[in-house]
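See below for the structure under consideration.
Coordinate-derived values only; no laboratory data. Computed from a predicted structure; not experimentally measured. Note that each Cβ is placed from the backbone with ideal geometry, even for glycine, and that neighbours are counted across all protein chains shown.
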Amino acid sequence: MIILPAIDLVDGRVVRLKQGDFARSRAYAHDAEALAIHYLSSGARWLHVVDLDGAREGHPVQLALIERIAKRVRVQAGGGVRTRADVEQLLERKVQRVVVGSLAVREPDTFIEWLQGIGPEQLCLALDLRLGDDGRWHAATNAWRSADAADPFALLDRFAAAGLRHVLTTDIALDGMASGPNLTLYRMLAARWPDIRWIASGGVRDRGDVRALAEAGAAGCVAGTALLEGTLDLAALRDFSDLAGIA
């Protein structure tokens, strides 16, 4: 299990959103680069960097800042990735793994081409899920402002057959809420697609949640608010690194 500290960026500032809602954001008085160095010195092996400006605009915006962070620590980064050129820009700026969400859901054939042409180790699918009134999971796109009609699990079958290795999955209802992760969801995903390295996101509060996610089959988890608020201690960045990781 690897804990990936999250650094979410708006206008170069470190923020956290509740359930992906820009109107429910909290800014922190941290310099993003200094925070990255702090996490690195505390034992982080990866960072999860989200260009929220890019997600809102539909193309990467915070490229220079992401590059400065990626020169110091391994980074998976996303936000607004819509074209192959976007992917290549991030890889050229030392990002180790590019997170692709909306494009993959809306244009699965294109994403499969990227998996086969760029390589599955350089790409991470962001599958952001919202449980609908019909009792089914729906994939959210466009910075979580839209719901796609495609069956997210049918997409996973296609992507897994094409070699997909890394998936970041968020239960949107729990994101930023510090109410605990959806363990049932991650158990189901890990059991159905055991060859995928699942990165859990949303609701992580403390060491108990990290341990529970590892037992549920997650290879990694993203922690944002819990680290910023201190409910998850920085020592956990080292303590859980001996479990199965995503690297």
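How long is the gain from Ile118 to Glu57 if the chain were fully straight, where each residue apart is worth 0.36 nm and the alpha carbon distance is subtracted?
19.6 nm
With a cap of 14 neighbouring Cβ atoms within 10 Å, and only residues DSSP puts in a loop, list the trypsin sites (Lys or Arg not before Pro) found in region 91-146.
Here the sparse-neighbourhood loop sites are Arg136, Arg145.
Ranked from highest to lowest mean number of other Cβ atoms within 10 Å per residue, what is the order of the peptides 150-157, 1-8?
Values: 150-157: 15.2, 1-8: 24.6.
Ranking the peptides 150-157, 1-8 by packing returns 1-8, 150-157.
Fewest Cβ neighbours within 10 Å first, please rank Ser42, Ser201 accordingly. All intermediate terms of the calculation are to be shown ahead of the outcome.
Details: Ser42 15, Ser201 27.
Sorted ascending by nearby Cβ count, the order is Ser42, Ser201.
Figure the gain on full extension for Phe153 and Thr110 (residue separation times 0.36 nm, minus the Cα-Cα span) and round it to one decimal in nm.
Net length gain for the segment: 13.7 nm.
Quick one: if you stick a label point 7 Å off each Cα along the C-beta vector at Ala162 and Ser41, how many nm between them?
According to this spin-label approximation, the distance is 4.2 nm.
Once fully extended, how much extra length lies between Ser179 and Asp195, figured as 0.36 nm per residue of separation less the alpha-carbon to alpha-carbon distance?
Difference between extended and current length: 2.9 nm.
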